[in-house]
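J.: Before I ask anything, let me first share the structure, which is written out below as structure tokens.
The values are calculated or read from the model by the stated rules, or taken from the named source; none is laboratory data. All values reported here derive from a predicted model rather than from experimental measurement. In this analysis, Cβ positions are derived from the backbone assuming ideal geometry, glycine residues included, and neighbour counts consider all displayed protein chains. Areas reflect the complete protein model, heavy atoms only, side chains present, ligands, DNA and RNA absent. Shrake-Rupley method; radii C 1.70, N 1.55, O 1.52, S 1.80 Å.
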Amino acid sequence: MGYPLLEIHHQPIYQNAVAIRRYCAAQGVSVCAVIKGFHAHPSIVRTQVAAGFSMLGSASLPHLAAVKAEGYAVETLALRIPMLSELPELVRVADISLNSEWVTLQALDREAARQEKVHHVILMRDLGDLREGVFDSAAFRALAEKVENTMPHLHLRGIGVNLTCYGSVIPTRENLSVLVADARAIEERIGRRLEIVSGGSTSSLPLLQRGELPEGINHLRVGEGLIVPCDLLDYWQCRIPGLSNHTLILKGEVVEAARKPTMPVGEKGRDALGNVKQYRDLGWRKRVLLAMGVFDFGDCDKLIPCDPSIQILGASSDHLILDVENCSCDYQVGDVLAFEMHYKAMLFATANPLVDKRDMD
Ligand SMILES: *Cc1c(COP(=O)(O)O)cnc(C)c1O
């Protein structure tokens, strides 16, 4: 077993899953567990299924195919607006998909007919974040009605919205109420209830916790908060009881420990990744070099040292540089240092086959 090593701590992963699932259920909100952020790692998926989720979602169809191959008794949700080129596979592996384009819905109806299935769709509304979804309310309501009335192999399961991802728009009582109004208007037109009104992702949890999620929102799609809830806890003061960030621990080995100046010596251009950087001269300090890099965690500022007196100085593709001057422990070559992660580091560490993975209790 080598380094870098990703430890997968299943007990906190399970506890986070149960905590969020129950917390939302108590407010009438069911949760789709989003598995794309950890690359649908099989043991993590198994733990989340054991924690009671009945719907799993991902933007990548291979993730959903793997869930189906395991035979879990869950529904699969395709999260990214589908490519026309992937519709045959989508209908095979996804029970439900998020959609926004009329041309794609028509092709999807034809493909579902070809496979003799009824495929479920959730239509996406754009409420200002400007990623996916229909921006105009009248056009959105008309689209829903057309799906309901003209597409025998599609079932209009509900409607949804995505916020925060591109435009950084925060979910609020106001913007989510617009989605609920759309739902009620569509129900009026089609003469039945919509089963799902999906009010966003992890970033909607603070609203739910404050008790401000509009009535009528009955579904969320949560990925980040289930595995790395540190942003929820630290940036958004969303303290759902029982959440822990000690779920995925990335470990790297020290290959050099030395005292060096803090100001690089010589004429400066750009760093390994093409960035122009500022450096502060703090004199000579003790630093260590770790044998892991951008390949393994994306950005070094998305790592959280488990020893809080470690300061991250920088990283290149395969090295991480740390200031350890203030540490009580005298780190040496061969020592192993541990880090919790933010979302982006999780994306990289879980997807990189060169990072060893080890299942822990
Ligand atoms: C990735 C994704 C989610 C989950 O987002 P988190 O921030 O990880 O909770 C939800 N909905 C859609 C459409 C997504 O693409």
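J.: Over the chain, give the accessible area per residue in Å² for a 1.4 Å probe, as an integer.
T.: It amounts to 45 Å² per residue over the chain.
J.: For a quick size check, give me the Cα extents of the range 154-209 along its three principal axes, largest first, whole Å.
T.: 34, 23, 21
J.: Could you order the peptides 328-337, 130-139 from most to least packed, using the average number of other C-beta atoms within 10 Å per residue?
T.: Those peptides, ordered most packed to least, come out 130-139, 328-337.
J.: Could you calculate, for the range 94-139, the ratio of the Cα radius of gyration to the Kirkwood radius, expressed as Rg to Rh?
T.: Across the range 94-139, the Cα-based Rg/Rh ratio is 1.04.
J.: Can you send over the carbon and sulfur percentage of the accessible area for the chain, probe radius 1.4 Å, protein chains only?
T.: The C+S portion of the solvent-accessible surface of the chain is 51 percent.
J.: Would you mind computing, in nm to one decimal, how far apart the modelled labels at Gln27 and Ala69 are, each placed 7 Å from Cα along Cα→Cβ?
T.: 3.7 nm
J.: Determine how many Å³ per residue the convex hull of the Cα atoms of the range 7-124 encloses.
T.: 102 Å³
J.: Test of understanding: extend the Cα→C-beta vector of Asp231 to 7 Å, then name every residue of the range 57-85 with backbone N under 17 Å from that spot.
T.: 59
J.: Using the Cα atoms as the points, what is the convex hull volume per residue of the chain in Å³?
T.: Expressed per residue, the convex hull around the Cα atoms of the chain is 155 Å³.
J.: Tell me which lysines have Cα within less than 18 Å of Lys68's Cα, excluding those fewer than 8 residues away on the same chain?
T.: Candidates past the 8-residue exclusion: Lys36, Lys117.
J.: Now for a separate question. Express in nm, to one decimal, how much length is gained between Glu101 and Ser85 on full extension, taking 0.36 nm for each residue of separation and deducting their alpha carbon distance.
T.: Going from the current span to full extension adds 4.4 nm.
J.: Still on this model: Within 10 Å, count the other beta carbons around each residue, average over each peptide in 60-72, 255-267, and list them highest first.
T.: 60-72, 255-267
J.: Can you count the Lys pairs in the range 248-359 with C-alpha separation below 25 Å, eight or more apart or on different chains?
T.: Within the range 248-359, the lysine pair count is 18.
J.: If you take the C-alpha gyration tensor of the range 248-359, multiply each eigenvalue by 5 and take the square root, what semi-axes do you get, largest first, in whole Å?
T.: Those come to 23, 18, 12 Å.
J.: Also, quick follow-up: Given the rule -39500 (n - 2.57) for each run of at least 4 DSSP H residues, summed and divided by the residues of the chain, what is its mean residue ellipticity at 222 nm, to the nearest 500 deg cm²/dmol?
T.: For the chain, the value works out to -9000 deg cm²/dmol.
J.: In addition: If each of Val276 and Leu130 carries a label point 7 Å out from its Cα toward its Cβ, how far apart are those two points in nm?
T.: Reported label-point gap for Val276 and Leu130 is 2.6 nm.
J.: Could I ask something else about it? Quick check: pseudo-label points 7 Å beyond the Cα along Cα→Cβ at Leu313 and Gln332, how many nm apart are they?
T.: According to this spin-label approximation, the distance is 2.1 nm.
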